[in-house]
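Okay, so here's the structure we're looking at.
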Amino acid sequence: MDYHKTQEEKALKKQMKLTENELEMFFDNNYLFDVYYQPKDTLNGDMIYSKRLTKNEYLCVIVDAMGKGLPAAMTAMNSVGFVRHSLKKALEYNDFNFSKLLNDFVEYVKSILIDSEALCANFIYIKDKKVNYANFSLPPIFTEKGKIKANNLPIRQKTTSVNIDQFNLPEKMLLTSDGLIESPLKNNKGVFYKQFIKIFPNIVFLKDLVKNFKQKAIQSDDVSIFLFRKDNFKMKKIFEKEFIISKNNFNELLKTIENSNIPQKGKIIFIFHEIFMNILEHSILKIDTKKDKEDKKLIQFPKIKNSYNHKIKITILKNTFMLKLLYEDDTKGFNKHDISNALHLKYHGKGYKIIKNLSDAVFINKTGNKIKIFIRNDNGSQST
């Protein structure tokens, strides 16, 4: 790897450490969350930060510093760094307050802005089926019922107040920076906003939107997207199996699926194989590095088969337009944040990259021992 590529990878690692997007590929009960972050350049003014605070309590922040290059990148990174540190301290002392966080944030940002510089940002705080928000001139919050416009001007040195408003938690909600909706269309007929408004009612998962964006638009700026939706799909159970973790039991599961009439069983077999290898490496063997893998080797599996008494439960559900695969085990799980970070690095996260490519959406719980995977039927579609 040459020097330039090495520095880009290090910069991306730094951004990942700052953002800690816990809500990327995340589910909590029937809440599904996902995050998409695609900077245009290594030095960029967009950053997104999302975190689960407690059960049914979540925070997401998107910042977009006006301007380009190093000044914008420094403003964005310092802004998110402040949120991250403030939140960490508040949770340590069990005194998190959304209004205080916002006011402290604005005062901090004012102290680092120069001259006519400004920062756009969008904060949402989900608690008790309510969404509290403060949108400082980023695009509206999009829901299945309509748009919720910004309620604050961009943050400048002269900003003196913060407006916080509230609405009921919707079925579906999307936040984005302007890089998504303002990117030009490939057919030279305007920007992506018109296309986005047209397809939003039919967007089920984040992959739907990203795929359409890449097909129709030319990315002209950094893009940050946060998508929330409820898992309220009506589905029928078509398969369920529970077994002790062992190589023989797992091979038997794959053979059973292969000999069944379950739709898209080829994809399902690949997906469960990758999940099983990940659980074996990270939840049982606790392999976290390449050196660990070389030291422990998967040859040890027959010993583990007799030494660990963990169970796996597999469930497959179906409706007219998609399948839902549910995986659950009784191990202590793994650090889901490590998986999210690995997906953004070129030489890491191979197993989950395969799963993401084969499926339409993947969601993992906080402890890493429950997974929801959705696979669209070949001709499946649904409005929400």
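Ranking 175, 96, 199 by Cα position along the charge dipole of the chain, where only Lys, Arg, Asp and Glu carry charges on their C-beta atoms, puts 199 farthest toward the positive end.
Can you give the FRET efficiency to the nearest 0.05 for residue 160 and residue 269, using r as the Cβ-Cβ distance and R₀ = 51 Å? Step by step, r from the Cβ atoms, then E = 0.30. Each residue of the stretch 230-235 was assigned a 3J(HN,Hα) from its phi angle through the Karplus curve 6.51 cos²θ - 1.76 cosθ + 1.60 (θ = phi - 60°); the sequence is 8, 8, 10, 5, 7, 9 Hz, with glycine and proline shown as x. The C-alpha radius of gyration of the chain, expressed as a fraction of 2.2 N^0.38 Å, stands at 1.04. Between the amide H of residue 21 and those of 50, distances stay under 5 Å, these residues lying 5 or more places away or on another chain, with hydrogens modeled in the peptide plane. For the peptides 133-145, 84-96, 149-161, the ranking by packing is 133-145, 149-161, 84-96, with the highest mean count of neighbouring Cβ atoms within 10 Å listed first. Take each peptide in 75-82, 206-213, count the other Cβ atoms within 10 Å of every residue, and average; sorted highest first, the result is 75-82, 206-213. Spin-label model, residue 240/residue 211: points 7 Å from Cα along the beta carbon direction are separated by 3.0 nm. Other residues with beta-carbon under 14 Å from the beta-carbon of residue 315 carry, at +1 per Lys or Arg and -1 per Asp or Glu, a net charge of +4. Available extension along the chain between residue 367 and residue 171 is 68.1 nm, counting 0.36 nm per residue and deducting the alpha carbon span.
By Kyte-Doolittle mean hydropathy of at least -0.5 and Cα axial length of at least 18 Å, which whole DSSP H helices of the chain are selected? TM-like helix candidates: 69-92, 98-112, 265-278. Mind scanning 5/194; 110/366; 149/194; 68/214; 129/194 and naming the pairs with a C-alpha gap bigger than 25 Å? Beyond 25 Å between Cα atoms: 5/194; 110/366; 129/194. Annotation: extensible slack from residue 14 through residue 218 equals 70.8 nm (criterion: 0.36 nm per residue apart, minus Cα-Cα distance).
With the highest mean first, a sort of the peptides 105-111, 186-192 on other beta-carbon atoms found within 10 angstrom per residue produces 105-111, 186-192.
For the residue pairs 211/324; 241/372; 211/353, the alpha carbons lie no more than 22 Å apart in every case. Approximating the spin labels as points 7 Å out from Cα along Cα→Cβ, the residue 330-to-residue 248 distance works out to 2.0 nm.
Between residue 114 and residue 260, the modelled labels are 6.1 nm apart [label points 7 Å from Cα along Cα→Cβ]. Checking the Cα-Cα distances for 130/370; 237/265; 145/230; 130/172; 51/172 against a 21 Å cut-off, the pairs over it are 130/370.
All of the numbers you see were taken from the coordinates with simple rules; none came from a lab. A quick note: this is a predicted structure, and the numbers were derived from the prediction, not measured. Cβ coordinates were reconstructed from backbone atoms using ideal geometry, including for glycine residues, and neighbour counts include every protein chain displayed.
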